[in-house]
Amino acid sequence: MADSNEITRKYFESLLLEMRHIGSVKADTKITLFGQEFETPVATAALSHMNNQCENGMAKMALGAKMAGALCFSGMGEKQEIVDMCATGAKVIKIIKPHEKNETVLQEIRDAEDAGAFGVGMDIDHAFRADGEYDVVCGLPMKSKSFDEMKSFVQSTKLPFVVKGVLSVQDAKLAVEMGAAGIIVSHHHGIMGSCVPPLMILPEIVEAVGGKLTIFVDCCIESGMDAFKALAVGADAVCVGRAIMPPLKEKGENGVAEKMTSITNELKGVMSRTGFSKLEEINDSVIWSS
């Protein structure tokens, strides 16, 4: 079975850019997401268990994101963890697993609200194991969710709700119908083999949702060049995960801030060299396929 991460990485590398220098100016990467302005469209991915990387790793990741002027996504973790992350002043969106019991999901939404989270969401691609049985994550049973169940989660909160793990036009359209504020186009770092690269399917998803929600792209984004390519084919913003883990382990929040700022600065450079001064101007007219 083909490795989805290798496929995704190769697809990134197959996209080439033309340069446009005449009349180009310094680029601005400011972006408004769910009514809040950020310095960059580069967010942290919904990482989990970063306390294993360093002491208070999740809170330090959030603080690093704040220092970089970025949005922070959070994955699986205890209630105190989201409290600590939000206490840094970072804008944090809590992504919740598809727990078997809906009350567990609803309780985690309430916990995130109480902690002062910026948003919530669900990791829909973690419902099944590779053998087709329902997944068990860290001892907690999971279960797939129906459209009505997902809609009830969205309606249970006034916070923006983001659906993570969308990798089809079908799920993207359903996310719009259920009232989600955003989606993360992702295959969860290769949770299934032979997945279509997010950037390959992204244009069809963008067309299908018609600007009715915010589109993030996840998986294998390691640089400002990767971020630019994702934005050029239709993403509103991107999520960086594994690329910030070594800096977090080595230098805590400073490492995260430095890495995210570095990626943002590289994005600015690519924008200026391709003739785009603002994020909303970026389009696929500079993209060539090798």
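The values are calculated or read from the model by the stated rules, or taken from the named source; none is laboratory data. Note that the structure is predicted; figures quoted are calculated from it, not measured. When we count neighbours, we look across all protein chains shown, and the Cβ atoms used for this are built from the backbone with ideal geometry, even at glycine. We work out accessible area using only protein heavy atoms, side chains counted, and drop any ligands, DNA or RNA first. Shrake-Rupley method; radii C 1.70, N 1.55, O 1.52, S 1.80 Å.
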(message) Condition check: hydrophobic (A, V, I, L, M, F, W, C), more than 22 Å from F73 (Cβ to Cβ) and touching a residue at least 24 places away in the same chain (Cβ under 8 Å). Does A130 satisfy that?
(response) yes
(request) For the range 259-275, indicate whether the set of residues that are open to solvent by less than 20 Å² (accessible area, probe 1.4 Å) and under 17 Å from A59 (Cα atoms) is non-empty. (result) yes
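For residues that are assigned to a loop (DSSP other than H, G, I, E, B), small (G, A, S) and open to solvent by less than 60 Å² (accessible area, probe 1.4 Å), tally how many sit in the range 10-31.
Within the range 10-31, residues that are assigned to a loop (DSSP other than H, G, I, E, B), small (G, A, S) and open to solvent by less than 60 Å² (accessible area, probe 1.4 Å) number 2.
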(request) Mind counting the residues in the range 1-56 that are over 20 Å from A232 (Cα atoms) and in contact (Cβ under 8 Å) with a residue 24 or more places away in the chain? (result) 16
(request) Could you tell me which of the residues E280, E250 is without any contact (Cβ under 8 Å) to a residue 24 or more places away in the chain and either within 18 Å of A43 (Cβ to Cβ) or not in a helix (DSSP H, G or I) (or both)? (result) E280
(request) For residues that are in contact with a Lys or Arg (Cβ under 8 Å, 6 or more places away or on another chain), of a type in the set (A, V, I, L, M) and touching a residue at least 40 places away in the same chain (Cβ under 8 Å), scanning just the range 135-194, find the one that is most open to solvent (accessible area, probe 1.4 Å). (result) L140
(request) Quickly run through the range 32-58 and pick out the residues that are acidic (D, E) and either under 20 Å from H189 (Cα atoms) or in a loop (DSSP other than H, G, I, E, B) (or both). (result) E39, E55
(request) Evaluate the range 98-116: report whether one residue or more is at pLDDT 95 or above, under 17 Å from S186 (Cβ atoms), outside any helix (DSSP H, G or I) and open to solvent by less than 50 Å² (accessible area, probe 1.4 Å). (result) yes
(request) Could you tell me which of the residues A68, A27 is closer than 24 Å to G252 by Cα and not β-branched (V, I, T)? (result) A68
(message) Can you tell me which residue is farthest from E13 (Cα to Cα) among those in the range 218-248 that are among the acidic types (D, E) and open to solvent by less than 30 Å² (accessible area, probe 1.4 Å)?
(response) D218
(request) Say whether the condition of being open to solvent by 50 Å² or more (accessible area, probe 1.4 Å) and either acidic (D, E) or more than 18 Å from V256 (Cα to Cα) (or both) is met by at least one residue in the range 59-67. (result) no
(message) Tally up the residues in the range 195-217 that are outside any helix (DSSP H, G or I), within 22 Å of F161 (Cβ to Cβ) and either open to solvent by 20 Å² or more (accessible area, probe 1.4 Å) or modelled with pLDDT under 95 (or both), please.
(response) 4
(message) Please pick out the residue among A117, A90 that is touching a residue at least 24 places away in the same chain (Cβ under 8 Å), within 17 Å of the chain's Cα centre (by Cα) and more than 24 Å from A172 (Cβ to Cβ).
(response) A90
(message) I'm trying to understand the selection: among the residues of the range 185-228, which are among the charged types (D, E, K, R) and within 19 Å of L267 (Cβ to Cβ)?
(response) D218, E222, D226
(message) Based on this model, can you work out whether A45 counts as open to solvent by less than 20 Å² (accessible area, probe 1.4 Å), aliphatic (A, V, I, L, M) and more than 18 Å from C219 (Cα to Cα)?
(response) no
(request) Can you give me the number of residues within the range 59-86 that are part of a loop (DSSP other than H, G, I, E, B), over 21 Å from V217 (Cβ atoms) and in contact with an Asp or Glu (Cβ under 6 Å, 6 or more places away or on another chain)? (result) 0
